[in-house]
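Trainee: Please read through the structure below; I'll follow up with questions.
The values are calculated or read from the model by the stated rules, or taken from the named source; none is laboratory data. Note that the structure is a prediction, hence the values are computed from the model and not measured. When the accessible area is computed, the model is the full protein with side chains, heavy atoms only, and any ligands, DNA or RNA have been set aside. Shrake-Rupley method; radii C 1.70, N 1.55, O 1.52, S 1.80 Å.
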Amino acid sequence: MKDIVYFDLETQRSFGDVGGAKNKDKMGISVGVAYSTRTGQYHIFGEDQTDALVDMLLKADLVVGYNHIYFDYPVLQGYTILDLPNQTLNLDMLIEVEKVLGHRLKLDSLASATLGTGKSADGLDALRWWQEHKKTGNLEPLMKIAEYCCYDVKVTKEVHEYALKHGHLKYNDRNGNPTQVDVDWS
């Protein structure tokens, strides 16, 4: 069976905290999540488990994410000497949709129009939860990050599966009109 790994991570620090987007490798990982079609399970990784996450990505037949090439992988580069974009087979849905449309769409925009459901929170919430966890040592905020990241991976997986089945994704254009973008990811 082909192992498709759907992947996302949340960071400890924002762009502002590390001096801008050029320093993604200094943002730190609070939580990484991967869903493997081979295992049929979500796998949650803390910062001390990034080697296992990188190993899972390297072994995957295909890694699917949303902006993982230009965000998640550069963040992971702070933990490995491997060249993840070139040592893994990838489908970055953000990049592929942008190629067709000529502009970027948020995952939430595609998910809301395509699946009728959006994201459960945003990255700023995850940063606040991380800070709360670091200040208090309480594990509840860390669990909120893991839950949020798992939900993002689930949405990524469902958007990808919809595209495979239907050959398109839906979104609302800049005027709020429903439209679709054709994709061929088979």
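Trainee: Which percent of the accessible area of the chain is formed by carbon and sulfur heavy atoms (probe 1.4 angstrom)? Mind dumping the intermediate values first?
Mentor: Values: 4580 of 9570 Å².
With neighbouring chains kept in place, the figure for the chain is 48 percent.
Trainee: Report the Stokes-Einstein translational diffusion coefficient (µm² s⁻¹, integer) for the stretch 34-74, Rh taken as the Kirkwood radius over Cα pairs, at 25 °C with viscosity 0.890 mPa s. Before the final figure, lay out the partial values.
Mentor: On the way: Rh = 11.0 Å.
This corresponds to a translational diffusion coefficient of 223 µm²/s.
Trainee: Roughly how many whole Å is it from the C-alpha centroid of the stretch 113-167 to that of the stretch 4-35?
Mentor: 13
Trainee: From the mean inverse distance of alpha carbon pairs (Kirkwood) and the Cα radius of gyration, derive Rg over Rh for the chain.
Mentor: Numbers: Rg = 16.2 Å, Rh = 16.9 Å.
My calculation of the ratio gives 0.96.
Trainee: For the Cα atoms of the chain, what angle does the longest principal axis make with the long axis of helix 123-136, in degrees from 0 to 90, nearest 10?
Mentor: Value to nearest ten degrees: 20.
Trainee: Right, here's the next one. With angles folded into 0 to 90 degrees, how steeply does helix 140-166 sit against the dominant principal axis of the chain? Use alpha carbons for both and round to 10.
Mentor: The angle comes out near 20 degrees.
Trainee: For the chain, with every protein chain kept in place, what is the accessible area per residue (1.4 Å probe, Å²)? Could you put the intermediate results ahead of the total?
Mentor: Values: 9570 Å² over 186 residues.
Result: 51 Å² per residue.
Trainee: Return the long-range amide H neighbours of ILE29 (sequence gap of 5 or more, or a different chain), with a cut-off of under 5 Å between placed amide H atoms.
Mentor: Correct list: GLN12.
Trainee: Ignoring everything except DSSP H segments at least 4 long, calculate the 222 nm mean residue ellipticity for the chain; use -39,500 (n - 2.57) per segment, divide by total residues, nearest 500. Don't jump to the answer; show the numbers that get you there.
Mentor: Numbers: 8 runs with 81 residues, N = 186.
About -13000 deg cm²/dmol.
Trainee: For the stretch 55-154, with equal point scatterers placed on the C-alpha atoms only and solvent neglected, what are the log10 I(q)/I(0) values from the Debye formula at q = 0.10, 0.14 1/Å, to two decimals?
Mentor: -0.35, -0.68
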